[in-house]
Amino acid sequence: MAETGPLKLAGTDDFVVFDGVQKSYDGITLVVKDLNLSVPKGEFLTMLGPSGSGKTTCLMMLAGFETATSGEIRLKGRNINTVPPHKRGIGMVFQNYALFPHMSVAENLAFPLEVRKIGKSEREAKVQRALDMVQMGEFGGRRPAQLSGGQQQRIALARALVFEPELVLMDEPLGALDKQLREQMQFEITRIAHDLGITVVYVTHDQTEALTMSDRVAVFNDGRIQQLASPSDLYEHPANSFVAQFIGENNRLMGTVTRIDGGTCIVRLDSGDEIDAKPINVSKVGDRTQISIRPERVETNKDRFRQGAHTLQAEVLEFIYMGDIFRTRLRVAGHDDFVIKTRNAPDQIRHQPGTRIEVGWLPEDCRALDAPQGT
Amino acid sequence: MTDHTASAAALSADGMPLKRSLNRALRRQKLRAFVLIAPLLVFVLFTFLAPIGDMLFRSVENQIVSETLPRTVKALADWDPASDAPPGEAAFRALGHDLVIAVERKTHTRLGSRLNYEASGMSSLLRSTGRDVEDIGEDVSAALGALDPAWTEAATWVDLLADPAWIAEQAAWSASGNRSGEPAFRLSDTASSALPDTAEIYGSFARITQQENDRSPTRQDPWHLVAITLVEEITATPSAAQAFQGDHALRLAAIAQADLPATDFVAAFGASNDRWATPTPWAVIAMYSAPYTPGYFLNAVDLGKTPDGIAPRPVEEQVYILLFLRTMWLSLTITGLCLLLGYPVAWLLANLPSRQANLLMILVLLPFWTSLLVRTSAWKVLLQRQGVINDVLVWIGLISDDGRLVMINNQLGTIIAMTHILLPFMILPLYSVMKTIPGTYMRAAKSLGANDWSAFWRVYFPQSVPGIAAGSILVFILAIGYYITPELMGGARGVFISNRIAYHIGTSLNWGLAAALGTILLLVVLVLYWVYDRFVGVKNVKFG
Ligand SMILES: Nc1ncnc2c1ncn2[C@@H]1O[C@H](COP(=O)(O)OP(=O)(O)O)[C@@H](O)[C@H]1O
Ligand SMILES: [Mg+2]
């Protein structure tokens with residue numbers, strides 16, 4: 001959930017602050033609902049969420065192209081609600097690159113320097129340095145239309161950095177690239193961001209991108225931040241069923257809490273089986289809950305089951321060989337979309353469809369979350 | 001791939017060269033495409049290319065002189081139009097011949113109008129001499145009749161000069177009682193070889209009598225010109241009489257012996273109009289005798305041919321250069337105004353939410369739903385001295401009642417009304433180009449530190465240039481050929497070249513000059529287009 005309260009003092013921890021920000025385009029629905037977020041200097045923060053969850057809107061408010069309906073946005077402790085975009089000094093990379101088609105690459109890069117009235121020789125040096133930084137030193141004379149998508153992406157990045165902003169916003173900058181190029185660019189962007197020590201607010205709907213690039217990820221849904229945490233926390237300790245479902249692969253079992261004490265609880269599944277789980281956002285006996293277990297945390301080798309751990313009977317429905325791992329689909333407690341992933345090792349059993357096995361897990365890998373609406 | 005296979009022509013599966021089988025496959029498609037455009041192609045051919053071709057042709061075409069006065073043109077070939085004496089007797093005689101025929105065909109008035117474009121007075125001169133020329137040689141006919149009354153009979157002439165076979169056919173036709181379809185006249189071989197000049201002129205007479213006047217040569221007295229020619233020919237070669245038999249030989253010999261005086265065409269023309277004694281009318285005929293002439297074009301740029309070469313027209317006749325310049329200048333002004341007024345509107349259209357944009361679009365298109373004439377008349381009502389605008393200005397006291405502004409019947413009227421009428425042609429191309437410029441460019445520019453103005457000027461404006469180019473060329477080319485609005489709003493000083501073209505087509509009927517003016521206008525547009533291509537680049541023109 002939202003971590004940062006409005007009471008924190010401005011400092012390096014509060015380079016960018018959203019303070020109770022709301023946004024409505026039409027005066028009827030709130031697209032961003034009570035956003036509180038603070039980004040420390042030098043952080044790589046990613047806004048991750050499904051399409052329409054309000055990520056772009058947040059970024060646009062920060063850049064100054066949209067005004068917050070209420071609340072305050074602060075940059076370096078200063079309220080910037082009324083500062084026009086061109087005075088904010090924020091670098092920005094757009095999804096479709098927005099390279100000016102009538103200028104050459106070098107002219108594109110020189111543009112922010114020219115409007116800042118930087119002298120010609122210094123301008124040229126900076127442009128060349130920025131081009132070299134994205135390994136596009138040779139391409140200054142070309143027109144954007146003469147570049148491939150990946151090259152345009154690099155130029156857009158260089159242009160957003162050439163005037164040395166402290167804060168750079170990127171709105172799905174890799175959305176139009178193919179997978180391999182995307183991975184390469186992910187690496188480059190993080191490398192450059194760390195080298196320059198800039199603060200980055202990055203928007204994506206691709207969870208892998210978010211996990212691999214970010215210091216922290218803010219998961220958006222329905223205009224709210226669902227969880228703000230480091231990638232590993234997000235993956236391993238999802239705070240609610242939306243995050244668990246949105247990040248990574250996840251097995252779900254529905255049930256009701258029958259006993260709860262401290263760090264563990266007992267959940268009676270709808271099939272009647274009982275299991276141990278770690279209570280995350282269930283509070284009392286009788287709560288409906290969604291059990292969440294990552295496929296790679298499910299154990300099938302009886303020797304490795306912990307003493308006294310609950311296990312469930314399962315029937316193998318499908319076995320898929322994927323090279324580095326095996327992916328086995330099971331019917332567990334009435335759900336037949338239960339998936340387990342096992343490492344391809346010589347001693348690993350390849351379960352044949354139709355066989356019956358026993359599955360188990362550590363109680364701390366099995367999280368009792370809120371039950372989504374209507375279940 | 002080895003060199004061998006790379007250089008050999010690629011073959012398709014059935015061993016045919018790939019290129020050929022591809023062409024074969026494409027032929028059907030091409031044929032279908034052609035059939036689809038064929039109606040339009042035919043339409044364009046007949047309604048656009050053919051008229052333009054006709055216009056180009058008419059602007060230089062001048063066959064009327066050589067067709068109407070073929071003998072005169074030939075006789076004047078050796079005469080120098082710059083000389084200060086009229087040509088020799090032969091030219092007068094040739095013009096006499098040509099005019100008799102032209103008068104019979106009633107083509108001499110058209111020739112008069114044509115030559116009048118080049119030198120005023122030619123029309124009346126030809127008309128008055130046309131009336132007199134038929135009487136030249138009256139005395140010769142009378143002398144012949146005195147010599148032998150048979151010469152006053154049409155039948156004598158027919159018998160002398162017509163093919164006997166034709167005479168028989170004609171008699172049979174006459175006996176049959178038919179009212180129409182008399183056999184076409186044919187000359188006899190004897191006459192043609194013995195009396196070639198007489199035969200030729202009589203042949204013309206017979207043909208014109210039959211075809212143009214729908215009469216029979218057997219019942220019509222020949223022109224005096226035939227008598228003149230016969231007398232002169234037989235006097236010059238009396239032996240020609242021996243080719244004929246019986247009465248004809250005797251009658252012809254009698255003429256040869258009578259030694260009748262030759263007809264003096266010079267005196268006859270002088271008697272009709274003393275201007276024929278000066279070189280001027282002859283020079284006009286000689287200068288415009290070629291079947292193709294630059295005369296219309298010279299006229300269209302205020303020049304004219306004189307015996308001493310090409311020279312400017314008299315100052316009071318110089319209108320066209322001024323009109324061309326004014327047309328260019330006003331069209332440019334109108335284009336500039338349209339751009340100034342249209343650009344912000346197009347920008348709004350492209351950037352407003354679609355509901356408001358649609359409403360605005362309807363407002364922009366509204367003028368298209370009312371007739372051009374109605375809109376122009378509305379401007380008249382607004383702008384005239386007692387019009388709405390002047391009334392309002394007087395009422396609020398900005399101008400006095402005597403100081404009412406003159407906004408109509410001058411260039412201002414033309415500019416105001418045409419800017420309004422042509423505005424949509426600027427807005428629409430601008431709009432369709434602006435529609436394709438994503439808003440992110442402006443945002444990107446601002447995020448890079450540009451203020452609103454430099455974001456617009458450095459990023460948005462250059463991308464809208466293709467729309468400006470398209471709109472400007474559209475408006476300019478439409479304006480340059482505009483006609484109704486300048487006619488109604490422009491008064492004397494606000495009219496365009498097209499008004500003059502319309503005048504020559506509709507009123508003065510000088511189509512050649514109208515065609516030359518139109519051709520120059522077309523050329524000017526093409527040259528401008530070329531210049532425009534050099535500087536803006538036609539590939540930069542985008543309509544969407
Ligand atoms: N300019 C706008 N006018 C009206 N509604 C908008 C506008 N931009 C975005 N929205 C709406 O706001 C919501 C959030 O949009 P956005 O911030 O673009 O989401 P995301 O970037 O997460 O996909 C969507 O429902 C979208 O329809
Ligand atoms: Mg978005």
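Inter-chain Cβ neighbour count for A:112-124, averaged per residue, equals 2 (cutoff 10 Å, partner chain atoms only).
Using Cα atoms only, what is the angle between the long axis of helix A:105-115 and the major principal axis of chain A, expressed in degrees (0 to 90) to the nearest 10? Helix A:105-115 and the main axis of chain A meet at about 70 degrees. Would you give the gap between the C-alpha center of region A:15-71 and the C-alpha center of region A:225-258, rounded to a whole Å? With region A:15-71 and region A:225-258 each reduced to a Cα centre, they are spaced 23 Å.
Among the trypsin sites (Lys or Arg not before Pro) found in region A:99-179, those both in a DSSP coil and sparsely packed, with 11 or fewer other Cβ atoms within 10 Å of their Cβ, are A:K117. Remark on A:Q226: its backbone amide H falls under 5 Å from those of A:V219, A:F220, A:N221, a criterion applied only to residues 5 or more positions apart or on other chains, H modelled at 1.01 Å from N.
Taking every Cα-Cα distance in the protein assembly as shown and sorting them into 10 Å bins starting at zero, the pair-distance distribution P(r) comes out as 2, 8, 11, 11, 11, 11, 10, 8, 6, 6, 5, 5, 3, 2, 1, 0, 0 percent. For helix B:224-236, report the angle its Cα long axis makes with the longest principal axis of the Cα atoms of chain B; keep it between 0 and 90° and round to the nearest 10°. It is inclined by approximately 60 degrees.
Take B:345-356, B:446-457, A:248-259 and order them by the average number of nearby Cβ atoms within 10 Å per residue, most first; the result is B:446-457, A:248-259, B:345-356. Taken one residue at a time, the phi angles of region A:162-178 give Karplus couplings (6.51, -1.76, 1.60, θ = phi - 60°) of 5, 8, 6, x, 7, 10, 10, 10, 9, 10, 6, x, 9, x, 9, 9, 7 Hz. Gly and Pro are set to x.
Hey, what's the Kirkwood Rh for chain B if you take every pair of different alpha carbons, in angstrom?
Its Kirkwood hydrodynamic radius stands at 30.6 Å.
Proximity of backbone amide H atoms, modeled 1.01 Å from N, is registered between A:T258 and A:I266, A:V267, A:R268, A:G286 at under 5 Å, excluding neighbours fewer than 5 places apart on the same chain. With a 10 Å cut-off around each Cβ of A:89-97, the average count of Cβ atoms from other chains is 3.
Direction-averaged projected area, Cα convex hull, region B:126-218: 7.1 nm², rounded to one decimal. Take B:19-25, B:240-246 and order them by the average number of nearby Cβ atoms within 10 Å per residue, most first; the result is B:240-246, B:19-25.
Restricted to Cα atoms, region A:275-352 shows a radius of gyration and a Dmax of 14.3, 45 angstrom. Per residue of peptide B:448-459, the mean number of Cβ atoms on other chains within 10 Å of the residue Cβ is 6. Per residue, chain A reaches -6500 deg cm²/dmol at 222 nm when only DSSP H runs of four or more residues are counted, each adding -39500 (n - 2.57). For A:C366, the residues 5 or more places off, or on other chains, whose built amide H falls under 5 Å of its own are A:K278. Could you let me know the centre-to-centre spacing of region A:101-136 and region B:183-261, using Cα atoms, in angstrom? If you average the Cα positions of each part, the centres end up 99 Å apart.
Computed from phi, the 3J(HN,Hα) profile of region A:68-73 under the Karplus parametrisation 6.51, -1.76, 1.60 (θ = phi - 60°) reads 5, 5, 8, x, 9, 10 Hz, with x in place of Gly and Pro.
The Cα center of region A:315-370 and the Cα center of region B:312-351 differ in position by 81 Å. Phi angles across region B:332-339 convert, under the Karplus curve 6.51 cos²θ - 1.76 cosθ + 1.60 with θ = phi - 60°, into 3J(HN,Hα) values of 5, 4, 5, 4, x, 5, 4, 5 Hz, Gly and Pro given as x.
Here, each number is a calculation from the coordinates, and none is a lab measurement. On a predicted model such as this, the values are computed, not experimentally measured, just so you know. Heads up, the Cβs are rebuilt from the backbone with ideal geometry, glycines too, and the neighbour counts pull from every protein chain shown.
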